[in-house]
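Just below is one structure, and these are the notes that go with it.
The values are calculated or read from the model by the stated rules, or taken from the named source; none is laboratory data. The shown structure was predicted, so the numbers you read here are calculated from the model rather than taken from an experiment. So basically every Cβ, Gly included, is an ideal-geometry build from the backbone, and we count neighbours across all protein chains shown.
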Amino acid sequence: MGFEKYYEAFPAYTDVYSEEYRKRIEALEPLLMKHMPARGKVLDLACGTGGFSFLLEDLGFNVVALDNSDVMLSKAREFAKDRRSKVEFVKGDARKLPFEENSFDYVVFIDSLVHFEPMDLNSTFKEVARVLKPSGRFILQFTDLRALLPVLTNGQVVGTEYWISRVLPDTDEKTVVLEFQSEKEHFRVRFNVWGKTAVELLAKLYFRQLHSERMNEHSYFQVYAPK
Ligand code: SAM
C-alpha cells in the first residue's frame, strides 16, 4: 500500500517531460518567480524526479535536491544526465537534513505533505528553519486534503487511466486510503490528511507567514520567513 505504485501510475509526478508534469510546472513557475526575486542557493526538498529542480536551475539558481526514495532519485539522475544538469541530487530524510545551518536562500517544498505524519512534519519544518539563512524564504505548496476529502467520490477520474474506486478514511480522518482502479489493475495508497489551518498552525512555530494564495480550489502556495 505504498506510494511506489502510485508514482508509477501517474506521470504528473515521475515523468518531467509528460504533459501532466509540465502543467504542474506551468502553474507554479510564475509564483516561484514572483516570490524568489533574487538568485541564490535553493534546496528542493522532497524533489521527486526533479522537475522543479531543473526549472529552478534553468532560471539561474544553484540547486541542491533531496529525496528519500532511491527510485525517484535514480529517475531524477537519469533526467539530469540527459539535460546535462548540475543539480546535486542527495539521498536524505527531510526530518533530519544533512546540511549545515544557514545554508540556503530558499527551501521549496512542493506537493509532498501527504507523506508526512504530524510529528514528521514538525521535525521537517524545524529542520527547514535551521538550514535557511535568516534572510531566507520557505516556499510551500500543498493540497488541502481536509477540504478535498468530502468531495472525493467513487468513480472520480484521476489522470488518464485511473479512477477512484474506494475512499477509506480512518476514524478520525487523519489519514485516508484511496483505492485507484484502471481497466487493468487496482491499488491502494494511504495519504496523510493535511488541512490549511493545521499546516499554518504548525508552520507558525518556526516561521512568519509572508504570503498565502489559493492556486485552485484545494491547493495553496505560501511563503514563509524563519522566525
Ligand atoms: N516535489 C516533487 C514534485 O512536486 O514533483 C515530488 C513530490 S512527490 C508527490 C513527494 C516526494 O516526497 C516523493 O518523491 C517522496 O519520495 C518524497 N518523500 C517522502 N517522505 C520523505 C522524507 N521523509 N524525506 C525526503 N523525501 C521524502
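Here is how the numbers come out for the structure above:
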quantity	calculated
Matching residues in region 25-75 - criterion: being more than 20 Å from residue 213 (Cα to Cα) and of a type in the set (Gly, Ala, Ser)	38, 40, 46, 48, 50, 51, 53, 60, 65, 69, 74
Breaking point among (1) buried (at least 16 other Cβ atoms within 10 Å of the Cβ); (2) closer than 23 Å to residue 3 by Cβ; (3) under 19 Å from the mean Cα position of the chain (by Cα), for residue 132	(2)
Long-range neighbours under 6 Å by Cβ, at least six apart or interchain, first residue of a type in the set (A, V, I, L, M) within region 19-31, second at pLDDT 95 or above and not in a helix (DSSP H, G or I)	31/221
Breaking point among (1) assigned to a helix (DSSP H, G or I); (2) touching a Lys or Arg at 6+ places or on another chain (Cβ under 7 Å); (3) closer than 22 Å to residue 223 by Cβ, for residue 28	(2)
Residues (without any contact (Cβ under 8 Å) to a residue 60 or more places away in the chain, in a helix (DSSP H, G or I) and either under 17 Å from residue 115 (Cβ atoms) or not hydrophobic (A, V, I, L, M, F, W, C) (or both)) located in region 199-220	200
Subset tally (residues that are closer than 20 Å to residue 13 by Cβ, polar (S, T, N, Q) and touching a helix residue (DSSP H, G or I) at 6+ places or on another chain (Cβ under 7 Å)) for region 112-171	1
Scope region 1-25; condition more than 12 Å from the ligand (Cβ to nearest atom) and touching a Lys or Arg at 6+ places or on another chain (Cβ under 7 Å); matching residues	1
Single match in 75, 91, 81 (criterion: of a type in the set (Lys, Arg) and surrounded by 14 or more Cβ atoms within 10 Å (Cβ to Cβ))	75
